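Shown next, in structure tokens, is the structure this report addresses.
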Amino acid sequence: MSHPLDRLYRFETARQWAAGAGSGLTPGTGDDPTLIVPGALVAQRLSGTSEDDAGALLARDPMGRLVWMRRSGEVLVHDHDRAIRMTKVPQTLAASTRRLLWGQRFGWVLTDDQIVRLDTASGTRLGTFAAPGWHPEAIASDVCDGLLVVEVKDGARRIRRLRSDGKSKPLGIAVPEGGTILVPGETARGRVMFVNRNDNGWSVLLIDMTSGDVVTHPKPGKTWPLAAGPIARISNDSLALVSQDGCGIFETGIGHVGPERAPRWNDGDCCIGKVVDLQSEGDDLIASTESGLWRLYDDVNTAPAVRVSWVSPVLHSPPDERSGWQRADLEVDAPEGAEITISAQGLTARALAVSIQNDFATQNRDVLPDDDWSAHPISRHFGTGGTTICRHYLGDIKEQFLLLRIVLEVPACARLAGLRSLRVLYPRRSLIEHLPAIYRDGTLSELQMRRGLAGFQALIDEVDDKISAAVDRVDPTKADPVWSGFLLHWLGHGELSRLPPERRNALLQALPAIMQHRGTKAGLAGVMDILAPGAYAIEDSAEGPADWLLPDEGDPAGGRLGRDTRLGARPPNDWILGKVAPLGTGKLGSDCNAVSVSACLTGVTVRVFGNEKLKKWLLPFTEAIARNFAPANTHLRFVYSAHRPLAGLGFGPGLGDITLGPDDSRALGAWTLPDIGSGFERPDEPVRLDHSILNGNLVLE
């Protein structure tokens, strides 16, 4: 068969879907490339909060916890579903604040015309830092207790970096003039996403802080929906924006603008008020409104019936001896009762194709309304409650340019639906080419024969694909979920075959390099880079400080203090130095011996930072990880923490690297020590190396 000679347009990744124009769809989260039909946006009051938090400004501390400042000046942190009061700032300052950022040592507030630095421990004002003659428009954190400031002067706009010590320097990054700049408080991977809003609509700017490049969003939004403020960063390439009336929220991804949705509460009544500030938290959003703090999440159980659509970009089949179109294969997740309609339109004029493509580039929602598709062949398919393959015959279209439209109608209260992949095959090819020439007379009967053979051709192509993909089953980069699990079993990692498919494939691809370092910290780190990328830390007790162990009574040689002597843990009901045991006669107890100390020195701890969802799916695999990848003769333990240190933008060497301590400032002589109790929680009074009280009676100068 000639199937291997087929060409195709493939739509599977977020950037590929972004080449078209969607309405009512949102991009999938994480590694999921599916275009999703969102459910209803439901609001639930944030645990531990009340009406006293109405109109509060939101931020994140370096541990990733939600922080908010009430208009009365109180600053609180959300920790384990509780609201804990941290400090209080002057009420007059809190009332005039437009944006709040919260670091380890310093907090920052943006007012109408000033930038104010605060002490996070006491709430005291520590000076103002607006540049003379420049109006501060927006601020974003660099996660090193400093700021990125967008400021305007006489219509000109620039970005200035303000360090934690108060020193600042303008960055040589060109920012578009005009309009209003909206900036989320978070940054990621050295990149900042801005929204430039003006009378013509809005557009998204992606700024690389390392190179200084400014990349305009490939699909600037036009007149619908209108964006106001504030905004929140959902992922590395998507934002959540508040609509102009302040009551609706919509998402924008790479070349994609999702539907505007109003948060609903109390059986559909929209009563949470206008959104004042916005923060993301995993798959949810935290909104501060006129009535308090709310958690916003998707709920399909209350979703209304929706009709969404996606239109492909202009596709081209070059004219040659084999031109034309063959068929479109759509893979879609659709619940029972859903209807999928596929229609196509051929275009002969290149100018018309270019015009339509430009409309897509500006997200013109009026391009090709329903009436323009009614006279063209369509195919209808119905949801089965799972993944469905929908095929649409394109052999009747002879024009070299093609547009394809997909319409998905989902009933109310149905489970999530979405578009998984689309393949458009060309040039035109049919099984009729293998039949006698009498069947290819160019009349209507030939067209009918081609249509009749199209179903058999798709079936044969599927068989051909499975035969040619037999080798791919043992290829880590191409193995399907069933075979990737089998390969892990085959290689002796059977327990890990229950990992999500994308993690299984990533582990299979990395296993050759990981197994070269099996039994080392590097090998264990390679596994954790796949299972919890950027959200873990490995601690080897052998690399820690040595304890003191006093020798046994029968040891003739004894130990040398500070060299080969160690002090083990004090057993319960034993003596306390300086209180109940005289020196020279007290005994340390049976736990203080070489065996117990050796056990302490052979422990490896993996600290995982993430929510309960990450802990729930990773917990069943920890035993297999310990058995297969931990160093020999060691015991491996996993410790989960809900908060993770945040990575900074990386300005200069060493700045912004992830640390286990709560401070990323790297300021010599003023480095906050971690809390001894947990090693991660921030102490109420940060300990400074230049002036600290240790044990209540020793001052270190």
Taking the Cβ-Cβ separation of Arg125 and Asn301 as r and a Förster radius of 56 Å, what is the calculated FRET efficiency to the nearest 0.05? 0.70
Starting from the Kirkwood Rh over alpha-carbon pairs, what translational D in µm² s⁻¹ does the stretch 37-87 have by Stokes-Einstein at 25 °C and 0.890 mPa s? 205
Along Cα→Cβ, 7 Å out, is where each label goes; now give me the distance between the ones at Arg15 and Ala632 in nm to one decimal. 4.5
Where does each of Cys390, Cys413 land when they are ranked from fewest to most other beta-carbon atoms within 10 angstrom? Cys413, Cys390
How much FRET efficiency would the formula 1/(1 + (r/R0)^6) give for His316 and Lys167, where r is the Cβ-Cβ distance and R0 is 56 Å, rounded to 0.05? 0.55
Label-point separation in nm, Lys153 to Ala174, each point 7 Å along Cα→Cβ: 2.0
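If we sort 613-621, 106-114 on the protection proxy, mean other Cβ atoms within 10 Å, highest first, what's the order? Each step should come with its number before you reach the end.
Values: 613-621: 14.8, 106-114: 18.4.
Going from most to least packed, we get 106-114, 613-621.
Among Cys247, Cys144, rank each residue by its count of other Cβ atoms within 10 Å, from fewest to most, as a rough exposure measure.
Ascending number of Cβ neighbours within 10 Å: Cys247, Cys144.
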Quick one: of Lys521/Lys615; Lys274/Lys615; Lys466/Lys616, which pairs are farther than 29 Å apart, Cα to Cα? Lys274/Lys615; Lys466/Lys616
Separation in nanometres of the label points that stand 7 Å from Cα toward Cβ, at Asp208 and Arg191: 0.9
Spelling out what I want: for every residue of the stretch 609-621, take phi, set θ = phi - 60°, compute 6.51 cos²θ - 1.76 cosθ + 1.60 (Karplus), and round to whole Hz; glycine and proline get x. 9, x, 7, 5, 5, 5, 5, 5, 8, 8, 4, x, 9
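Quick note: the coordinates plus some simple rules give every number you see, no bench work behind them. For clarity, every value in this text was computed on a predicted model and none was experimentally measured. Please note: Cβ atoms are built from the backbone with ideal geometry, for glycine as well, and neighbour counts cover all protein chains shown.
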